[in-house]
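The values are calculated or read from the model by the stated rules, or taken from the named source; none is laboratory data. In this text, all values refer to a predicted model and were calculated from it rather than measured experimentally. Here the Cβ positions follow ideal geometry from the backbone for every residue, glycine too, while neighbour counts run over all protein chains shown. SASA here: full protein model, heavy atoms, side chains in, ligands and nucleic acids out. Shrake-Rupley method; radii C 1.70, N 1.55, O 1.52, S 1.80 Å.
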There are 2 protein chains.
Amino acid sequence: MSRLRIAEIFGPTIQGEGALIGQPTVFVRAGGCDYRCSWCDSMHAVDSAFRDTWAAMESGEVMDRVRALSGGRPLTVSISGGNPAIQDFGPLIKAGRAEGYAFALETQGSIARDWFEDLAMLVLSPKPPSSGEQPDWAAFEACIAAGAPWMALKIVIFNETDYAWAQEVAGRYPDLPLYLQPGNPQVDPAVPVAAQDVADRVLWLVEKVCADGWFAARVLPQLHVMLWGNKRGV
Amino acid sequence: MSRLRIAEIFGPTIQGEGALIGQPTVFVRAGGCDYRCSWCDSMHAVDSAFRDTWAAMESGEVMDRVRALSGGRPLTVSISGGNPAIQDFGPLIKAGRAEGYAFALETQGSIARDWFEDLAMLVLSPKPPSSGEQPDWAAFEACIAAGAPWMALKIVIFNETDYAWAQEVAGRYPDLPLYLQPGNPQVDPAVPVAAQDVADRVLWLVEKVCADGWFAARVLPQLHVMLWGNKRGV
């Protein structure tokens, strides 16, 4: 069996974003991505320049680490990246579920996997125009069709163009719970985050959504950035 | 029909707490409460000293105001207080539902109402020891039995005693989704909130929950306090 490329495993800490915000979680961050978003906040898990920092691990080794971090108590495991769907996380999810762990997976929706149906939650985060990437909607719809029992759309918004695009995308998938998240233009872990700047970007988006009567959209910050800045491993 | 005592109606803005965090919402804050929590952050809707500031409104007048604020577009209406369950919000909820509005109601769970079953969500927020109040668990369980289609527990935690109490209460109601929220000891709208103090209280609670392996508990801040401080009407 081929091994998984893992950029980092950390936690438990709370999920900072989206539908599971506040949920104690162990994070498994996969290395490697088919996208190169201009504003990526996890380039250490994307760019092959960081490849030497990724571990090659069997699913069982990943599960050993998750179990150690959680003290053996089942919890929610979030698989993120990079794009974790470029690798085969099916065996990890199957093994963890057998022990009572629940898995959420976050992906841009560019690659569908049949093991999505074993997730507790699939977060689909199509990338807006500011990313410089262009979603493949046929692939995206194959992800939706893969049968995850709970799904949500999470769209990052940096500017007016992204906002208009998000409205169009949300209109196409009205049955998916929708989370909007202001973009974070400052992702250098070495530079302290200005709390007021983070708050101001949330306020901008809250005001737009409320003024436009876009009441199906939930607006959430990256709570972890408000609490820890861009520090890694929390 | 007797009129409703209403302390304030405002929005739309995002829900700042609990299971619906981030959801665009119009807030209807009822005047009057059967509790006097030591740290109440809404005393203007509780203490009868503020009674002159409350409006006496028919359900239809409340609905007119909600409709005006939302531009006639259905959204989530959160009925809070005070304790809204001391008044009859059944007719308002029925009228609003007929127009497509969804209602959430927040109460300590001291008074059950048959119209809870017409809510989209019932948030039960039993008050911990630091409040100086003592829950009536028979009444609380009558609230659970009233048949709301979606319920959650939200427990405010100020200190270790509250935390231990929350563990016990949560253990009694394992089927209810659980949200923990650090208490806010500084509720004077005239005094600016120190963002770092708010963050520190969240971090304290996150660290405890994760260290104790209490993975069913979701930990969320009062996001509106992080964004707006103690300002009213947002």
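How many percent of the accessible area of segment A:31-74 is carbon or sulfur, using a 1.4 Å probe?
Numbers: 1130 of 2280 Å².
Carbon with sulfur: 49 percent of the solvent-accessible area.
What is the percent of Cα-Cα separations in segment B:107-234 that go past 27 Å?
23 percent
Go through B:R172, A:R29 and list them by solvent-accessible area, largest first, probe radius 1.4 Å.
B:R172, A:R29
Just to be sure I understand the interface: list residues from segment A:45-86 that lose 50 Å² or more of accessible area between the chain on its own and the complete protein assembly, 1.4 Å probe.
Residues losing area: A:R73.
With no solvent and one point on each alpha carbon, what is the Debye value of log10 I(q)/I(0) for segment B:168-213 at q = 0.20, 0.30, 0.32 Å⁻¹?
Taken in order of the listed q values, log10 I(q)/I(0) reads -0.79, -1.13, -1.18.
I'd like the antiparallel share, as a percent to the nearest 5, of DSSP beta bridges with both residues in the protein assembly as shown.
25 percent
Compute the orientation-averaged projected area for the protein assembly as shown from the convex hull of its Cα atoms and round it to one decimal in nm².
On the way: hull surface 86.0 nm².
Result: a mean projected hull area of 21.5 nm².
Could you give the radius of gyration (one decimal) and Dmax (whole number) of the Cα atoms in segment B:19-120, in Å?
13.4, 38
Could you tell me how many degrees, from 0 to 90 and to the nearest 10, lie between the Cα long axis of helix B:160-172 and the main elongation axis, the longest principal axis, of the Cα atoms of chain B?
Long axis of B:160-172 versus the principal axis of chain B: about 70 degrees.
Taking a point 7 Å out from Cα toward Cβ as the label site, list the nm distances between B:A211 and the same residue in every other copy, smallest first.
For B:A211, the other copies' label points sit at 4.5 nm, shortest first.
Compute the long axis of helix A:195-211 from its Cα atoms, compare it with the longest principal axis of the Cα atoms of chain A, and write down the angle in degrees, 0 to 90, nearest 10.
60 degrees
Post the alpha-carbon centroid distance, segment B:167-198 to segment B:1-61, in whole angstrom.
With segment B:167-198 and segment B:1-61 each reduced to a Cα centre, they are spaced 18 Å.
Summed for both chains, how many Å² of accessible area, to the nearest 100, are buried between B and A with a 1.4 Å probe?
2600 Å²
Can you give the Kirkwood hydrodynamic radius of segment A:4-181 from its Cα pairs, in Å with one decimal?
16.4 Å
Between B:V123, B:V28, B:V62, which gets the highest mean-square fluctuation from a Gaussian network model of chain B, Cα cutoff 10 Å?
Answer for the Gaussian network model of chain B: B:V62.
From the mean inverse distance of alpha carbon pairs (Kirkwood) and the Cα radius of gyration, derive Rg over Rh for segment A:7-73.
1.01
Rounded to the nearest whole Å², what accessible area per residue is found for the protein assembly as shown with the 1.4 Å probe?
Here the per-residue accessible area is 39 Å².
Can you count the Lys pairs in chain B whose Cα atoms are under 26 Å apart, with each pair 8 or more apart or on different chains?
Counting lysine pairs in chain B gives 6.
Kindly give the distances from A:R172 to its copy-mates, label point to label point, with each label point 7 Å from Cα along Cα→Cβ, as nm values to one decimal ordered shortest first.
Inter-copy label distances (nm, one decimal, shortest first): 5.0.
Pick from A:A45, A:A195, A:A152 the residue whose mean-square fluctuation is largest in a GNM of chain A, springs joining Cα atoms under 10 Å.
For chain A, modelled as a Gaussian network with Cα springs under 10 Å, the answer is A:A195.
Please give the average number of partner chain Cβ atoms lying within 10 Å of the Cβ of each residue in A:136-146, rounded to a whole number.
0
Can you name the residue in chain B whose Cβ lies closest to the B-to-A rotation axis, and give that gap in whole Å?
Nearest Cβ to the rotation axis, residue and whole-Å distance: B:A195, 3.
Keeping all protein chains in place and using 1.4 angstrom, which order do B:F89, A:F50 fall into by accessible surface area, from largest down?
Sorted descending by solvent-accessible area, the residues read A:F50, B:F89.
Tell me the distances, shortest first, between B:R3 and the same position across the other copies, using label points 7 Å along Cα→Cβ, in nm to one decimal.
7.5
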